Amino acid sequence: MEYKIEDIEKLTETEVQEIALESMIIKDFNVYFVNLAGKYGYSCLVFKNNHHIKNADDYQLHHEYTVKKQGVEALRNIYINSLNHKLYTEEEIKEPLKNYDEYSAKAHFLANYYAMQVDYVSMFFINNSEEAENAYRESIKGKTLNPIAFAYMDDVKFIKHHIELYKELEKARENTKDNYKFQKYAFLQEMYNHEYGINFQADYDTLSAFGRVEWHGENGEALEKYFNELNFNDIQRKAYRDAIKEYYQKNQEMY
């Protein structure tokens, strides 16, 4: 049988267990290594609480260059290493942050993987007919919005716990405010993410990654207003200005 992506994502844990070549636990998640045949080939599928964490799956299809150079055998270690850097235990979420990359990975985990361990209905819905709209409204009736997962759920206790985990992560980031190295690197990363050098609202877009700010334009006075709205201390303000200098120094040939 050659699987389509929709077939793979519908697989239950019991069905995956029947075809698994190997299984292991990574960060409290059940990981199964399978041969799906066809273009998806040797892949890893992730489950927790008998729910398919399909966003964390990985497939041979995405690693053809590696397979060509090192063989399929190399994928096992790649999958294990990757999952160890994108899945987290709840205890790890609460730990002090080593760097901004770790914060970003943990935030991505909470927004895109963690909630998939329970039943949910996404709040993102494309309305293509009145019938579909009515069906969607019926599907979320009586459910509660989980603002971290952008989804509706029945389990209010789970939602509250999810929100608490997010608050723990934000507290950990707040504790880095006096860490110049952490802050400068964080600003640089977001500058690259928002193409700072060619962005006509560069400071606004970059700083919006660190909290809610109102639009004040793009000049020295506006930058101070953004700093004030985000309650930046002197270390953060210096780190941001130094990040701007480093950004242009590293990319001077482009401007």
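Computed from the coordinates by the stated procedures, all read-outs in this text should not be read as laboratory data. This is a predicted model, so every value here is computed, not measured. Cβ placement follows ideal geometry from the backbone for every residue including glycine, while neighbour counts extend to all protein chains displayed.
Relative to the longest principal axis of the Cα atoms of the chain, the long axis of helix 220-229 makes an angle of roughly 60 degrees. Assuming R0 = 41 Å, what is the FRET efficiency of Glu218 and Met1, from their Cβ-Cβ distance, to the nearest 0.05? Given R0 = 41 Å and the Cβ-Cβ separation, E is 0.15. Footprinting exposure proxy ranking of Met116, Met191, Met24, fewest other C-beta atoms within 10 angstrom first, gives Met24, Met116, Met191.
Each residue of the range 182-187 was assigned a 3J(HN,Hα) from its phi angle through the Karplus expression (A = 6.51, B = -1.76, C = 1.60, θ = phi - 60°), giving 4, 5, 4, 5, 4, 5 Hz with x at Gly and Pro.
Mind scanning Lys39/Lys86; Lys106/Lys157; Lys98/Lys143; Lys167/Lys250; Lys4/Lys157 and naming the pairs with a C-alpha gap bigger than 27 Å?
Lys98/Lys143; Lys167/Lys250; Lys4/Lys157
In order along the range 96-111, phi translates into HN-Hα couplings of x, 7, 7, 7, 5, 4, 5, 4, 4, 5, 5, 5, 5, 4, 5, 7 Hz, rounded to whole numbers, per the Karplus curve 6.51 cos²θ - 1.76 cosθ + 1.60 with θ = phi - 60° and x for Gly and Pro. Relative to the dominant Cα principal axis of the chain, helix 234-250 is inclined by about 80°.
What the Cβ-Cβ distance of Asn77 and Ser23 gives, at R0 = 22 Å and to the nearest 0.05, is a FRET efficiency of 0.90. Karplus-based coupling profile of the range 5-10, in residue order and whole Hz: 4, 5, 5, 4, 5, 8, with θ = phi - 60° in 6.51 cos²θ - 1.76 cosθ + 1.60 and x standing for Gly or Pro. Around the amide H of Asn146, modelled in the peptide plane, lie the amide H atoms of Ala151, Tyr152, Met153, all under 5 Å away and 5 or more residues distant in sequence or on another chain. With R₀ set to 30 Å, the beta-carbon distance separating His108 from Asp155 gives a calculated FRET efficiency near 0.85.
Please say if the chain is rounded, prolate or oblate, where rounded means a/c under 1.5 for a ≥ b ≥ c the square roots of the C-alpha gyration tensor eigenvalues, and otherwise the choice is prolate for a/b larger than b/c and oblate otherwise?
prolate
Taking all Cα pairs closer than 8 Å and separated by 6 or more residues, the relative contact order of the chain comes to 12 percent.
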